[in-house]
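What follows is calculated from the coordinates using simple rules that are stated; it is not laboratory data. Owing to the predicted nature of the structure, the values given are computational and were not obtained by experimental measurement. Ideal geometry is used to build each Cβ from the backbone, glycine not excepted, and the neighbour counts take in all protein chains shown.
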């Protein structure tokens, strides 16, 4: 049996993780989300960047409800039976994106293993709705693994998002503890399939650090992501959302992230975005634009 990822006591937050709240108001973002009755991963996953992003009038829309059919050890999103799919949700997402003035729109979802297509068509409909509402928008999707079913991934790919993101989350050794209903090889297969179906779509993946992984394991994961055709890599610090989630093993310094990013970039990624507060969708538009320069 693998050891439980725990430490005897909570670690003191280091200085580099202490942040001031933004001075800019987030009222407009909250209003657009509330009026369109939308969920965000920012709120549901208790993202530490949500105040900053909301103040910048941006958010990561989370479709298909706020209840996930999987139970990952790091995630604050509720787990249970999937909710009824709201057929007008794609249009509401598109309307909110327009109201916020977004030109780069990020859409994610809970896992919906209960649906026959695991939510693939709903992703495609959301992409199409955004294109109709904001014709010049660029779109990034952050999807579940769809059990690496080619026909489901193809549904999303045919809607042609600029970026198809699927997170590996952690190194191979820790997968069973961190996301017990997922598979390391299956996630790599998702990214391979996207490139097979449409090589022009940028692929992206991310890892959390601080769960007890070794640097060599992170670099091995990065290497295997490159072999799968992954173009963009994000590396961030794991921060437990509560005492009931996987406990933190250690904090990584900003210097460590910089060094690791350099080693990963040398593998051939078009862009590596690494730092203590980096998350999959954090500054996603800027990261994509840097990757295509």
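If each residue's Cβ is checked for other Cβ atoms within 10 Å, how do 283, 245 rank with the fewest at the top?
On the way: 283 20, 245 17.
Listing 283, 245 from fewest to most nearby Cβ atoms yields 245, 283.
Could you tell me the calculated FRET efficiency between residue 149 and residue 85, based on Cβ-Cβ distance and R0 = 22 angstrom, to the nearest 0.05?
Details: r = 18 Å, r/R0 = 0.82.
With a Förster radius of 22 Å, E is 0.75.
How many nm is it between the label spots at residue 116 and residue 244, if each spot is 7 Å from the Cα in line with the beta carbon?
3.4
Give me 178, 218, 107 sorted ascending by neighbouring Cβ count inside 10 Å, so fewest comes first.
Exposure proxy ranking, most exposed first: 218, 178, 107.
Spin-label point model (7 Å from Cα, Cβ direction): what's the residue 266 to residue 128 distance in nm?
About 4.7 nm, to one decimal.
Provide the gained length on full extension for the span residue 76 to residue 13, in nm with one decimal, where the gain is 0.36 nm per separating residue minus the Cα-Cα distance.
Here the segment from residue 76 to residue 13 would lengthen by 20.7 nm.
Among 257, 123, rank each residue by its count of other Cβ atoms within 10 Å, from fewest to most, as a rough exposure measure.
The most exposed by this proxy come first: 257, 123.
Viscosity 1.567 mPa s, temperature 4 °C: what is the translational diffusion coefficient of the chain from Stokes-Einstein with a Kirkwood Rh over Cα pairs, rounded to a whole number of µm²/s?
67
Do the sum for the chain: with -39,500 (n - 2.57) for every DSSP H run of n ≥ 4, divided by all residues, what is the mean residue ellipticity at 222 nm, to the nearest 500 deg cm²/dmol?
-10000 deg cm²/dmol
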